[in-house]
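Single-structure report; data block below.
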Amino acid sequence: MSRLAAIGTGVIGNGWIARALAQGWDVVAFDPDPKAPERTRSFIDNAWPSLTQLGLAPDAKPERLTFVATIEEAISGADLIQENVPERLPLKQEILAAIDAAAAPDTIIGSSTSGFKPTDLQQQCQQAPGRVIVAHPFNPVYLLPLVELVGGEATQPEQMAAAQERYQSLAMRPLVVRREIEGHIADRLMEALWREALHLVNDGVATTEEIDAAVVYGCGLRWPLMGTFLTFHLAGGESGMRHMLEQFGPALKLPWTKLEAPELTDELIDKVVEGCEHQAAGRSVATLDKRRDDFLVELLEVVHKYWPEAEGLKGRI
Ligand SMILES: NC(=O)c1ccc[n+]([C@@H]2O[C@H](COP(=O)([O-])OP(=O)(O)OC[C@H]3O[C@@H](n4cnc5c(N)ncnc54)[C@H](O)[C@@H]3O)[C@@H](O)[C@H]2O)c1
């Protein structure tokens with residue numbers, strides 16, 4: 001039986017907890033917010049039907065979760081420690097140093113950070129800084145298999161290999177990032193799209209709903225199977241990527257895109273928020289979460305069918 005220590009139980013910490021429980025792990029959690037245990041239990045109640053549909057480990061049950069009052073209690077005896085506190089570097093450095101000081105030296109400590117580099121996270125760790133790595137998941141963590149693993153200056157190859165094995169045993173698809181950069185890989189891509197989307201709203205070209213339609217009915221439909229590169233390889237016809245680059249390469253010089261984010265003025269914030277509220281049409285985030293989860297469960301089945309690489313995760317995500 002394996003045990004996860006979850007430090008910080010917001011949206012992402014709860015996602016890790018639900019994933020680990022579904023894989024039959026024990027979970028010990030710490031969060032200073034007194035409402036955290038109640039919030040987590042209700043989160044697991046909402047996630048459990050989708051996890052059940054995907055396939056639970058034989059001895060998986062929500063009761064394997066306990067909340068404790070200190071970080072030290074949470075990490076004692078853990079096989080994997082996952083830090084999910086708010087995205088503030090000094091806070092993460094302080095918490096990771098406390099975890100590193102108290103944890104067995106060979107236990108992997110993954111940080112869910114969306115943007116910070118592991119070398120910066122390792123800064124104040126005294127005992128075994130190399131095992132403090134970035135392990136960046138995607139929301140909802142209990143359904144999406146990708147975890148980006150990034151080592152820092154102190155990290156040894158054996159520690160990355162151990163981390164890969166740990167996250168695979170949570171039925172995840174680890175992607176080892178070769179060099180540390182802010183935002184890792186996927187968030188760099190998502191932020192580029194996000195900046196352009198904000199420009200399009202700011203310039204009055206499209207509403208939030210119209211931009212989402214462009215993704216949902218167009219480019220987004222292809223991405224679950226092939227990603228950007230293989231999709232564009234097909235866009236070049238028989239000659240593939242070479243012809244694609246000849247044909248569309250010049251457009252890169254125009255350029256179509258703006259790269260720098262627009263200023264987040266009150267007017268732009270209002271447009272974006274009101275646009276999203278209009279799209280939600282009175283439906284709560286919980287209702288939309290449920291709809292997304294149902295969709296993702298079916299989509300994962302389709303990905304498994306067409307993408308043999310994901311086959312090993314079937315029924316275990
Ligand atoms: N939200 C996302 O889509 C997403 C995706 C991937 C990664 N992340 C990363 O995950 C991390 C957490 O983000 P989130 O969206 O879950 O934030 P959140 O605000 O939902 O949750 C943060 C939790 O940390 C707790 N916390 C605060 N101080 C703490 C402390 N000293 N010790 C332990 N817990 C403490 C809070 O009570 C809260 O429950 C961030 O680093 C973020 O970049 C977020």
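Here the extension length gained between Ser42 and Glu87 equals 13.8 nm, from 0.36 nm per residue of separation less the Cα-Cα distance. Here the Gaussian network model covers the chain, with springs between Cα atoms less than 10 Å apart; of Leu89, Leu230, Leu170, Leu230 fluctuates the most. For the chain, the relative contact order comes to 15 percent (Cα pairs under 8 Å, sequence separation of at least 6). Three semi-axes describe the equivalent ellipsoid of region 3-176; taken as square roots of 5 times the Cα gyration tensor eigenvalues and ordered largest first, they are 24, 18, 14 Å.
Rounded, prolate or oblate: which fits region 169-253 when a ≥ b ≥ c are the square roots of the eigenvalues of the alpha-carbon gyration tensor, with rounded for a/c under 1.5 and prolate only if a/b beats b/c? It comes out oblate by the Cα gyration axes. For the set Lys253, Lys290, Lys305, the ranking by accessible area, highest first and with no ligand, DNA or RNA atoms included, is Lys253, Lys305, Lys290 under a 1.4 Å probe.
Under 10 Å, Cα contacts only: if you run a Gaussian network model on the chain, which one of Asn14, Asn139, Asn84 comes out with the highest mean-square fluctuation? Largest GNM mean-square fluctuation: Asn139. Inter-label distance, Asp33 to Gln53: 2.6 nm, where each label sits 7 Å from its Cα along the C-beta direction.
Rolling a 1.4 Å probe across all protein chains gives Thr66 an accessible area of roughly 70 Å². Only bridges with both residues in the chain count here: give the DSSP antiparallel percent, nearest 5. The antiparallel fraction comes to roughly 10 percent. The heavy atoms of Lys258 offer some 100 square angstrom of accessible surface to a 1.4 angstrom probe.
Counting only protein heavy atoms and using a 1.4 Å probe, the accessible area of Arg291 comes to about 140 Å². Only helices enter the 222 nm calculation for the chain: every DSSP H run of n ≥ 4 contributes -39,500 (n - 2.57), and dividing by all residues gives -15000 deg cm²/dmol, rounded to 500. For region 201-208, backbone phi angles converted through the Karplus equation (6.51, -1.76, 1.60; θ = phi - 60°) give residue-by-residue couplings of 5, 4, 7, x, 6, 8, 8, 4 Hz, Gly and Pro being listed as x. State the percent of C-alpha pairs, over all pairs in the chain, separated by a distance greater than 24 angstrom. So the pairs more than 24 Å apart make up 60 percent of the total in the chain.
Computed from the Cβ-Cβ distance with R0 of 22 Å, the FRET efficiency linking Glu63 to Gln168 stands at 0.30. Between Trp16, Trp256, Trp25, the Gaussian network model of the chain with springs among Cα atoms under 10 angstrom shows the greatest mean-square fluctuation at Trp256.
Which shape class, rounded, prolate or oblate, goes with region 186-313 when its Cα gyration tensor gives a ≥ b ≥ c as root eigenvalues, a/c under 1.5 marks rounded, and past that a/b bigger than b/c marks prolate? Oblate shape, in that a/c is at least 1.5 and b/c is the bigger or equal ratio.
The values are calculated or read from the model by the stated rules, or taken from the named source; none is laboratory data. Quantities reported herein were computed from a predicted structural model and do not represent experimental measurements. All Cβ positions, glycine included, derive from the backbone under ideal geometry; neighbour counts span all protein chains shown. For the accessible areas, the whole protein counts, side chains as well, though only heavy atoms, and no ligand, DNA or RNA atoms are used. Shrake-Rupley method; radii C 1.70, N 1.55, O 1.52, S 1.80 Å.
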